[in-house]
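Below is one structure; the comments refer to it alone.
The values are calculated or read from the model by the stated rules, or taken from the named source; none is laboratory data. Predicted model, so just to flag it, every value in this text is computed and none were measured. Glycine also receives a Cβ, built like all others from the backbone with ideal geometry; neighbour counts cover every protein chain displayed. Keep in mind that these areas ignore ligands, DNA and RNA; they rest on the heavy atoms of the full protein, side chains included. Shrake-Rupley method; radii C 1.70, N 1.55, O 1.52, S 1.80 Å.
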Amino acid sequence: QLAYTRSSFAGAWTPITPGGGAATITFESTDDATTSLPLPFNFTYVGTTFTTAHYLAVCTNGMAFFSTTSVTAPFSRVNTSLFTSVAPNRTLAPWWDDLNIGAVGFNPPGSVLYQVQGAPGSRTFTVQWTNVSAWFDAFLGQPRQVNFQLVLFEGTNVIEFHYGPTSGSDTN
């Protein structure tokens, strides 16, 4: 049996930006879309080591999962497959919900960025959802957008979720 530790930490939100070296992830659509990024370093998750020949499949709906093949299948907000034998599995879900990176309702478009930082052996791989719209809220006229990150740490296999500012109503 694998042992994991959940911990909380207090730190400042530090966004990644295209001006600071981050790249924008391109999706086939702005809703329920997934794009795979090659892993920049080996990472062990739930007893399986994923190498640079594997992928992190990133979904517009605020989640990502490790995959041995490139994935472009759409995944809607069906929060029942966090760890199952069918995809998406091996899931990391910092904010898995019905999100959209396009202009939704009164909300302008958001984006999903990624960046590798640091020296080999102690790098981080950050995926950041930037000003993504909460789909349901946007169509109720509540212009809510969220910012959050998934950060993988090379060598230690630590996973962190970082949460940034949200805008709009929080009534739903």
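List every residue whose amide H lies under 5 Å from the amide H of Val158, counting only residues 5 or more places away in sequence or on a different chain, with H placed 1.01 Å from N in the peptide plane.
Counting only residues 5 or more places away or on other chains, the set is Phe153.
From the phi of every residue in segment 13-24, what ³J(HN,Hα) in whole Hz does the Karplus formula 6.51 cos²θ - 1.76 cosθ + 1.60 yield, where θ is phi - 60° and glycine or proline is x?
5, 10, x, 8, 9, x, x, x, x, 6, 10, 8
Given points 7 Å out from each Cα along the Cα-Cβ axis, report the Ala23 to Ala119 separation in nanometres with one decimal.
My value for the distance between the label points is 2.4 nm.
Per residue, what volume in Å³ does the Cα convex hull of segment 1-50 take up?
Cα-based convex hull of segment 1-50, divided per residue, equals 176 Å³.
When all protein chains stay in place, what accessible area (Å², nearest 10, 1.4 Å probe) is found for Leu56?
Rounded to the nearest 10, that gives 0 Å².
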